[in-house]
Amino acid sequence: MLPLNDTEPNRYSYFPFMTVLLIVTNSFIFLVEVLIVRTDFWPFLMRYGVTPTLILDAQGGGALSNITAMFLHGGLDHLLGNMLALWVFGRRVEDACGPWRFLTFYLLAGTLAHVFFTIVQHDSIIPGIGASGAIFGLMGAYLVLYPGGRIRTLVLFTPLPLWPRVRALWIVLYFFGIQIIPAIRILRGEADYSINHWAHLGGFFAAIFILLFLRPEAFARYFSDTPV
Amino acid sequence: MTSGELLRLGAEAARAGRRLDARAIFMRVVDAEPHNEVAWMWLTGLVDDLEDKIIACENVLTINPANERVKVYLETLLQQKAAIASQLASENKVKVQQSATSVPPQATEPRSAKVPDLLSQAEQLEYGGKIEEALKAYEQLAAKTKDSQTFDHVYRQIVRLEGLQREKIRFVPPASSILRMTLTWPLLYASFALIQIGLNPIAHLSFFLWLGLLPIVVLGSFLLAVSEVRTRHVIWKKLFLEEGSGSGFARIVLALAGWVFVLVPFALMLMNSLARLQNFQIPPEPFIR
């Protein structure tokens, strides 16, 4: 199941300036990773990724690495998947918040993702990178703000590919659900995964703060049972 | 391009202050669709000539005779026209009598001078949650104003408030919006500070250093929130000697100050991170299955 686009229009702004800027920045930094860093990847990741043991020892980049890790990706598929999800779920969340508070929320979700990851996998020496924690925060926020929203989705489970408009609730629950079992197995020490499932869950829980970040009118709409 | 798209473009141009472009776009719409009420409505505020304004209003009323606001506006325009006609007549009479004195056109000044006050009153009613009264005040203002830009602004406010009423949007006090929005940057700053000190405030006392900078972030975030939420606030009077909800200039200055207060503590923390990175010994790469 691959979400492609949110077909609903914006209410408050014409252009999702910050969402596009984040996509461009992530892509540009990935190009820098590929073209300049290339082989010397380990020291680069230790400096600019989030490594739980280093965070807990207050070593390395700390808050700076927390930001840079959100903009690093391990491969083209990692980048494309995250940027597609950022576009699908970020555009209308930005519309409801305004660009700068949207950026603040995005960074907060990414930071809480790193906090969860660090607490749960406290003895890990493997650095975590990627925007997915922040993007899971956006998915949670989208669900809070637009529970009835529909997302154009590519479904590949059927013999022929279909692209229906699926309720955002099912898509977000699907992506949330596939984190649960691996997260429990990590917690019980039964398995290691290259995907940072606890960061995803941590980012998702950041959605509880989304109401703080809304524009005044969007906030009033939220509490008036009308579409945000 | 459809008329809907043209209307949107025209509205954007009008809001951006490109009156001539906006007028040209709405003229295209009414050329194609002479019964487009919305386009004629916009034209009532965009055309300069009094006669043209009257024609635009009459066209709106031909299409929709129930449009009360335009009726009131048209009455005002007709009064203006009559006043100008009588003024011209008296001037002609004076010329005929070969009088050398000329009377400056002051007849309309007292009424237009009241418009900013009325606008401020209407805004304050809205910020106080008295939407019905605010709507009435805006409607009176629409009838009073002679400046097409003010009329556009007032008309947009009326449409917006009517929309809020129609959708039964609850009133949220501006003070609570300011409080809510003020919490955003400090929340992010506190989470950064936790990461910076290894999630352990007891083991790393530098947390209290970063905590000491938190009030600066709170102040900056508060200034940003005040600059965005439109309301009467003591800050406008104290800092800018302005009544009402702050001018555009005051808002920009306050927002800039807010950004400085917010960003300085973040910048200090990131500089500290950079210093830590410079002394950082990179551990060897582990064997990974």
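The values are calculated or read from the model by the stated rules, or taken from the named source; none is laboratory data. The model shown is predicted, which means the values in this text are computed figures rather than measured ones. For neighbour counting, all protein chains shown are included, and Cβ atoms are generated from backbone atoms with ideal geometry for every residue, glycine included. The area values use the complete protein model at the heavy-atom level, side chains included, leaving out ligands, DNA and RNA. Shrake-Rupley method; radii C 1.70, N 1.55, O 1.52, S 1.80 Å.
Can you name the residue in region B:141-178 that is in a loop (DSSP other than H, G, I, E, B) and of a type in the set (Lys, Arg) and is also least open to solvent (accessible area, probe 1.4 Å) among such residues? Quick ask: steps written out before the conclusion?
Taking region B:141-178 and keeping what is in a loop (DSSP other than H, G, I, E, B), we get B:145-147, B:167-173.
Imposing the further condition that a residue be of a type in the set (Lys, Arg) reduces the set to B:146, B:168, B:170.
On the way: B:Lys146: 56, B:Lys168: 158, B:Arg170: 144 Å².
Step by step, filter region B:141-178, then rank; the result is B:Lys146.
Counting just the residues of region B:198-233 that are under 19 Å from the mean Cα position of the chain (by Cα) and open to solvent by 70 Å² or more (accessible area, probe 1.4 Å), which one comes out farthest from A:Pro52 (Cα to Cα)? Before the answer, list the steps.
Here is the first cut: in region B:198-233, the ones under 19 Å from the mean Cα position of the chain (by Cα) are B:223-233.
Checking which are open to solvent by 70 Å² or more (accessible area, probe 1.4 Å) leaves us with B:228, B:230, B:232.
Details: B:Glu228: 38, B:Arg230: 43, B:Arg232: 47 Å.
Only one residue tops the list, namely B:Arg232.
Applying the selection to region B:120-161, what residues are touching a Leu at 6+ places or on another chain (Cβ under 8 Å) and within 14 Å of another protein chain (Cβ to nearest Cβ)?
Across region B:120-161, the qualifying residues are B:Glu126, B:Ile131, B:Leu161.
Using the structure shown, decide if A:Pro127 is more than 23 Å from A:Met70 (Cβ to Cβ), within 11 Å of another protein chain (Cβ to nearest Cβ) and surrounded by 19 or more Cβ atoms within 10 Å (Cβ to Cβ).
No, not satisfied.
Filter region B:37-53 down to the residues that are at pLDDT 85 or above and open to solvent by 20 Å² or more (accessible area, probe 1.4 Å) and list them by number.
Hits for region B:37-53 are B:Glu37, B:Val38, B:Trp40, B:Trp42.
Which members of region B:104-140 meet the condition of being in a helix (DSSP H, G or I), open to solvent by 70 Å² or more (accessible area, probe 1.4 Å) and at pLDDT 80 or above?
Of region B:104-140, the ones in a helix (DSSP H, G or I) are B:109-113, B:115-127, B:131-140.
Narrowing further to those that are open to solvent by 70 Å² or more (accessible area, probe 1.4 Å): B:109-111, B:116-117, B:121, B:132-133, B:136, B:140.
Those that are in a helix (DSSP H, G or I), open to solvent by 70 Å² or more (accessible area, probe 1.4 Å) and at pLDDT 80 or above: B:Gln121, B:Glu132, B:Glu133, B:Lys136, B:Gln140.
Taking B:Glu5, is it at pLDDT 80 or above and surrounded by fewer than 16 Cβ atoms within 10 Å (Cβ to Cβ)? Reasoning before the result, please.
Numbers: at pLDDT 80 or above: yes; surrounded by fewer than 16 Cβ atoms within 10 Å (Cβ to Cβ): yes.
Yes, satisfied.
Taking B:Phe266 as meeting all but one of (1) over 20 Å from A:Leu64 (Cβ atoms); (2) within 10 Å of chain A (Cβ to nearest Cβ); (3) aromatic (Phe, Trp, Tyr), write down the number of the exception.
The single condition B:Phe266 does not satisfy is (1).
Determine which single condition B:Leu254 fails, assuming it passes every other condition in (1) closer than 24 Å to A:Tyr106 by Cβ; (2) open to solvent by less than 10 Å² (accessible area, probe 1.4 Å); (3) under 20 Å from the mean Cα position of the chain (by Cα).
(1)
Listed here are the residues, each with its yes/no results for (1) at positive phi; (2) among the β-branched types (Val, Ile, Thr); (3) at pLDDT 95 or above.
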{"position": "A:Pro9", "(1), (2), (3)": "no, no, no"}
{"position": "A:Tyr14", "(1), (2), (3)": "no, no, no"}
{"position": "A:Val20", "(1), (2), (3)": "no, yes, yes"}
{"position": "A:Ile23", "(1), (2), (3)": "no, yes, yes"}
{"position": "A:Ser27", "(1), (2), (3)": "no, no, yes"}
{"position": "A:Ile36", "(1), (2), (3)": "no, yes, no"}
{"position": "A:Thr39", "(1), (2), (3)": "no, yes, no"}
{"position": "A:Tyr48", "(1), (2), (3)": "no, no, no"}
{"position": "A:Glu94", "(1), (2), (3)": "no, no, yes"}
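Taking the condition of being under 20 Å from A:His122 (Cβ atoms) and basic (Lys, Arg), how many residues in region A:150-193 meet it?
Here is the first cut: in region A:150-193, the ones under 20 Å from A:His122 (Cβ atoms) are A:179, A:182-193.
Of the ones still in play, those that are also basic (Lys, Arg) are A:185, A:188.
Counting residues in region A:150-193 that are under 20 Å from A:His122 (Cβ atoms) and basic (Lys, Arg) gives 2.
Can you find a residue in region A:98-108 that is more than 10 Å from chain B (Cβ to nearest Cβ) and more than 15 Å from the chain's Cα centre (by Cα)?
For region A:98-108, residues more than 10 Å from chain B (Cβ to nearest Cβ) and more than 15 Å from the chain's Cα centre (by Cα): present.
To keep it simple, each residue is scored yes or no on (1) in contact with a Lys or Arg (Cβ under 8 Å, 6 or more places away or on another chain); (2) facing chain A (nearest Cβ under 8 Å); (3) closer than 27 Å to A:Glu217 by Cα; (4) at pLDDT 95 or above.
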| site | (1), (2), (3), (4) |
| --- | --- |
| B:Ser176 | no, no, yes, no |
| B:Tyr189 | no, no, yes, yes |
| B:Gly198 | no, yes, no, no |
| B:Leu205 | no, no, no, no |
| B:Leu223 | no, no, yes, yes |
| B:Val226 | no, no, yes, no |
| B:Arg232 | no, no, yes, no |
| B:Phe240 | no, no, yes, no |
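Within the bounds of region A:66-85, is there any residue that is open to solvent by less than 10 Å² (accessible area, probe 1.4 Å), within 14 Å of chain B (Cβ to nearest Cβ) and free of Cβ contacts under 8 Å to residues at least 12 places away in the same chain?
No, because not a single residue in region A:66-85 is open to solvent by less than 10 Å² (accessible area, probe 1.4 Å), within 14 Å of chain B (Cβ to nearest Cβ) and free of Cβ contacts under 8 Å to residues at least 12 places away in the same chain.
Filter region A:174-228 down to the residues that are among the basic types (Lys, Arg) and surrounded by fewer than 16 Cβ atoms within 10 Å (Cβ to Cβ) and list them by number. Write out each step before concluding.
Taking region A:174-228 and keeping what is among the basic types (Lys, Arg), we get A:185, A:188, A:215, A:221.
Answer for region A:174-228, where residues must be among the basic types (Lys, Arg) and surrounded by fewer than 16 Cβ atoms within 10 Å (Cβ to Cβ): A:Arg185, A:Arg188.
Note down all Cβ pairs under 7 Å where the first residue falls in region B:246-264 and is touching a residue at least 40 places away in the same chain (Cβ under 8 Å), the second is in a helix (DSSP H, G or I) and open to solvent by 50 Å² or more (accessible area, probe 1.4 Å), and they're at least six residues apart or on different chains.
B:Phe261/B:Ile216; B:Phe261/B:Leu219; B:Val264/B:Ile216
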